[in-house]
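Only the coordinates and a few stated rules stand behind these numbers; no lab work does. Predicted model, so just to flag it, every value in this text is computed and none were measured. Using ideal geometry, Cβ is built from the backbone for each residue, glycine included, and neighbour counts are taken over all protein chains shown.
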Amino acid sequence: MRIVITGHKGQLGSSLWKLLEEGNHLLGIDIPEHDITDVGIIDTIADFRPHIILHPAAYTNVDGCEENPELAYRVNVLGTWHVALAAQQVGAPMLYVSTNEVFPGDREQPYFEWDEPGPINAYARSKLGGERVVQTLLDRFYIVRTAWVFAPGGNNFVSKIVKAAEKYVALRVVDDEFGSPTYAPDLAEAIVRLVRTDMYGIYHFTNSGVCSRYEYALEILKLAGMENVPVTPIPSSEWKRLSTPPKHSILANVAGASLGITLRPWQEALADYFEKTKEGA
Ligand SMILES: NC(=O)c1ccc[n+]([C@@H]2O[C@H](COP(=O)([O-])OP(=O)(O)OC[C@H]3O[C@@H](n4cnc5c(N)ncnc54)[C@H](OP(=O)(O)O)[C@@H]3O)[C@@H](O)[C@H]2O)c1
């Protein structure tokens, strides 16, 4: 198959690439060689005549989006519009990767695929804009919402906690923001299974289980062999940052589970990450 993977140098894109490179003809779209905000990208993708387009590329710096919402909209909405127009031109289905942050996170219960979004920050508004573009332009699309993605070599919460523990004698981590850590290789596998079904629509894929940032940090330090570094739980009001993340935006996987697609518990996935990181070291 001919497959386009946008953001193929990123955490999820590179995991998709690894899974699909054997036996397929792939076109990667990532900066600086290919910029999805450039209108010429429509022809670049269409000329490749893909059978399917996988679109994880995004401006993912959440605080950066708050500082520069125009850039967030340019990449996450306009860029997605270009990619979707290419899909429309060649009649290919497209998979757009979105975020748990499209929900406000102000309730205890998990959000279902059909729940009404209500973004509370610039990043989430831009990602929801991307969802709308895909839904407006295409008949055959998948929207996969995920959360708290980590992968070896990526810039993510896991690598930040390990680096911080190497640098400081003690850490402070928020204990009132909850989520489901998601290992990019597990997510990539779920996505590849999904696109083989031709069952279009909105899906929620995260590793299973829920934790606070504080609980997540403790598990990271345990697996990194750094549990001697003390961690103090703090409210998010004491952790100043530009963006406001939703406090409790947990994604319920109903649609994927009905197709038999579920992801393992996040603790198992995190242990796997540390195994892979050691192997690579
Ligand atoms: N990371 C998370 O915790 C998380 C949570 C929920 C949802 N998601 C969604 O999941 C998807 C994948 O996330 P990820 O963590 O794999 O992201 P990532 O590692 O930041 O990868 C995104 C890739 O897209 C590239 N990119 C940025 N602007 C581009 C442009 N204008 N044209 C082409 N490529 C561009 C990035 O390049 P640069 O690195 O040079 O910018 C990067 O290689 C994203 O759509 C994200 O919104 C992520």
Fill in the blank from the handout: Note, the range 238-249: 3J(HN,Hα) by Karplus (6.51, -1.76, 1.60, θ = phi - 60°), whole Hz, Gly/Pro = x, goes 8, 10, 6, 8, 5, 8, 10, x, x, 6, 9, 9
Exercise for the section: Report, in degrees rounded to the nearest 10, the 0 to 90 angle that the Cα long axis of helix 122-137 makes with the longest principal axis of the chain. Expected result: 30 degrees
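Take peptides 246-254, 126-134 and line them up by average Cβ neighbours within 10 Å, highest first, as a rough protection proxy. Provide the component values of the computation, followed by the final result.
On the way: 246-254: 20.4, 126-134: 22.1.
Most protected by this proxy first, the peptides run 126-134, 246-254.
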Exercise for the section: Using θ = phi - 60° and the Karplus relation 6.51 cos²θ - 1.76 cosθ + 1.60, list the HN-Hα couplings for the range 188-200 in order, rounded to whole Hz, with x at every Gly or Pro. Expected result: 4, 5, 4, 5, 5, 5, 4, 6, 7, 8, 6, 9, 6
Fill in the blank from the handout: Summed over the other residues with a beta carbon less than 9 angstrom from that of S212, with K and R at +1 and D and E at -1, the charge totals -3
Exercise for the section: For T99, enumerate residues with amide H under 5 Å from its amide H, sequence gap 5+ or separate chain, H modeled in the peptide plane. Expected result: T146
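Using only alpha carbon pairs under 8 Å that are at least six residues apart, calculate the relative contact order of the chain and give it in whole percent. Spell out each step's value before the answer.
Numbers: 558 pairs, mean separation 58.3, N = 281.
Once divided by the residue count of the chain, the mean separation gives 21 percent.
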Practice task
Add +1 for every Lys or Arg and -1 for every Asp or Glu among the other residues with Cβ under 11 Å from the Cβ of V77, and state the total.
Solution key: +2
Practice task
Quick one: grab the alpha carbon gyration tensor of the range 10-70, order the square roots of its eigenvalues as a ≥ b ≥ c, and give me rounded if a/c is under 1.5, else prolate or oblate depending on whether a/b is larger than b/c.
Solution key: oblate
Problem - Bins of 10 Å from zero: percent of alpha-carbon pairs in the chain - result: 7, 29, 37, 21, 6, 0
Exercise for the section: Determine the distance separating the Cα centre of the range 145-219 from the Cα centre of the range 104-124; give it in Å without decimals. Expected result: 17 Å
Practice task
List the residues whose amide H sits under 5 Å from the amide H of R172, counting only those 5 or more places along or on another chain, with H placed 1.01 Å from N in the peptide plane.
Solution key: T232
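Can you compute the helix-only [θ] at 222 nm over the chain? Use -39500 (n - 2.57) per DSSP H run of at least 4 residues, normalise by all residues, nearest 500 deg cm²/dmol.
On the way: 11 runs with 109 residues, N = 281.
So the calculated ellipticity at 222 nm is -11500 deg cm²/dmol.
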Fill in the blank from the handout: Residue-ordered couplings for the range 217-234, obtained by feeding phi - 60° into the Karplus form 6.51 cos²θ - 1.76 cosθ + 1.60 and rounding to whole Hz (Gly and Pro as x), are 4, 4, 5, 4, 5, 4, 5, 7, x, 10, 5, 6, 7, x, 10, 9, x, 9
Completion exercise
Ranked on Cβ counts within 10 Å of their own Cβ, fewest leading, L16, L95, L223 go L223, L95, L16
Practice task
Quick one: of K127/K278; K127/K240; K240/K276; K18/K167, which pairs are farther than 30 Å apart, Cα to Cα?
Solution key: K127/K278; K240/K276; K18/K167
